[in-house]
1. Among residues belonging to segment B:92-116 that are outside any loop (DSSP other than H, G, I, E, B) and among the small types (G, A, S), point out the one that is nearest to B:E64 (Cα to Cα).
2. Go through segment B:134-174 and give me each residue that's among the aliphatic types (A, V, I, L, M), assigned to a helix (DSSP H, G or I) and within 13 Å of another protein chain (Cβ to nearest Cβ).
3. Scan A:G37, A:G46 and give me the residue that is over 30 Å from B:V162 (Cβ atoms) and either assigned to a loop (DSSP other than H, G, I, E, B) or in contact with a strand residue (DSSP E or B) (Cβ under 6 Å, 6 or more places away or on another chain) (or both).
4. How many residues are modelled with pLDDT of 90 or more and more than 14 Å from the chain's Cα centre (by Cα) when one looks only at segment B:102-127?
5. In this structure, is B:E64 within 11 Å of chain A (Cβ to nearest Cβ) and part of a loop (DSSP other than H, G, I, E, B)?
6. Report, by residue number, each residue of segment A:98-129 that is basic (K, R) and touching a helix residue (DSSP H, G or I) at 6+ places or on another chain (Cβ under 8 Å).
7. Restricting to segment A:71-109, name every residue that is part of a loop (DSSP other than H, G, I, E, B) and more than 9 Å from chain B (Cβ to nearest Cβ).
Amino acid sequence: MKKISVILIVTAACLSGLPAQASPEVDKLLQKYQQQGAAVAVPEQGKNLWYSKNGDRGCINCHGSTPADTGRHVRTNKAIKPMAASVNPERYQDSKKVEKWFLRNCKWTLGRLCTAQEKANTLDWLNSL
Amino acid sequence: MENKKALVFGSVLLSGILTFSLYGIGSSIASDDSKHEHDREYEYRDKGTNYSTKSVGTNKLYMEECGSCHMAYPAQLLPTQSWQKVMLGLEDHFGENAELDAESHNSIESYLVQSAARRKGESRKLLRNLGNKTPLRITELPYFIYEHDEIPCRFITGNDKVSSLSQCSACHQNAEKGRFDEDDVVIPGIGRWDD
């Protein structure tokens, strides 16, 4: 019995040490961003960008302050599914879609395109949640 | 023996009656349906059978691309020239960025143009008194204004659960299906609307 408990604890410890989600599409995008000049993603910086404000605009206007929760479009009131990969892994299954939303939302929020580094950081952070 | 005959006869008679009554119920449901369809002042529905498979696919794309931020408004609610103008300005779509890649853009535009309000058919009312104007919003159509002008502001802009006339589905229970009959209207916190 004791042996089983030890095995369970060791297994749980190993699992918790793994990156939260292994998604081939995310890996593909992160590689692409590196090819475009980004260094290794820094999730902490992605988090900073997420909570930063450009005037009155920021990611949290629509996505809410907790990426694991459902957001609400600030203008149309439509529900926006969670961004945290652990809650809504479907978000990160199609790289074309990820790029589409980076394009639209960076332009709206920051008034410019996001750099490859910013995209890598943010994607890596959301994928780790 | 006599009893058995009577039993067989009875069974045949009973099944006959049942068949006829079921047929009767069925046809009365059908006729109620068609009467109800006829009663509807107007109704916007995709005439799926008239569209090619390609258009149906495009329709799905429209639902996905446009419906992710707001209700995918039925294409029949705006005239062709309005949809073309909307599609020209997606980078600043009522203050939002709604850019599309070229392929999706063309595909969605052709679906919208093909399904837009027409001078003939159910959607003709929407073009009433429009003249040569090209409204960008369904809520700017004279016919739309006429249909909604008796509703007090407190039911719409003053109502947290509605907030704007753009939120069709807040009150029109079947708006997503393209149906806007008065029978389907339930104003949140107020109830049914009957003018």
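1. Let us first name the residues in segment B:92-116 that are outside any loop (DSSP other than H, G, I, E, B), namely B:92-93, B:96, B:102-115.
Going one step further and asking which of them are among the small types (G, A, S), we end up with B:102, B:104, B:107, B:110, B:115.
Details: B:A102: 16, B:S104: 11, B:S107: 13, B:S110: 16, B:S115: 17 Å.
Looking at the filtered set, the residue picked out is B:S104.
2. So in segment B:134-174, the residues among the aliphatic types (A, V, I, L, M) come out as B:136, B:138, B:141, B:145, B:151, B:156, B:162, B:165, B:170.
Next, from what is left, pick out any that are assigned to a helix (DSSP H, G or I): B:138, B:145, B:170.
Across segment B:134-174, the qualifying residue is only B:A170.
3. Values: A:G46 fails: either assigned to a loop (DSSP other than H, G, I, E, B) or in contact with a strand residue (DSSP E or B) (Cβ under 6 Å, 6 or more places away or on another chain) (or both).
Unique residue meeting the criteria: A:G37.
4. Going through segment B:102-127 one residue at a time, the tally reaches 14.
5. On the way: within 11 Å of chain A (Cβ to nearest Cβ): yes; part of a loop (DSSP other than H, G, I, E, B): no.
Answer is no for this residue.
6. Passing the criteria: A:K107, A:R112, A:K119.
7. Of the residues in segment A:71-109, the ones part of a loop (DSSP other than H, G, I, E, B) are A:73-78, A:81-88, A:93-94.
Within segment A:71-109, A:V74, A:K81, A:P82, A:M83, A:A84, A:A85, A:S86, A:V87, A:N88, A:Q93, A:D94 qualify.
For every residue, the table says whether it meets (1) free of Cβ contacts under 8 Å to residues at least 60 places away in the same chain; (2) in contact with a Leu (Cβ under 7 Å, 6 or more places away or on another chain); (3) within 19 Å of B:N97 (Cβ to Cβ).
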| position | (1), (2), (3) |
| --- | --- |
| A:G64 | yes, no, no |
| A:T70 | yes, no, no |
| A:T76 | yes, no, yes |
| A:V98 | no, yes, yes |
| A:R112 | yes, no, yes |
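The values are calculated or read from the model by the stated rules, or taken from the named source; none is laboratory data. Just so it is clear, the structure is predicted and the values come from calculations on it, not from any experiment. Cβ sites come from the backbone with ideal geometry, for glycine too, and all protein chains shown count toward neighbours.
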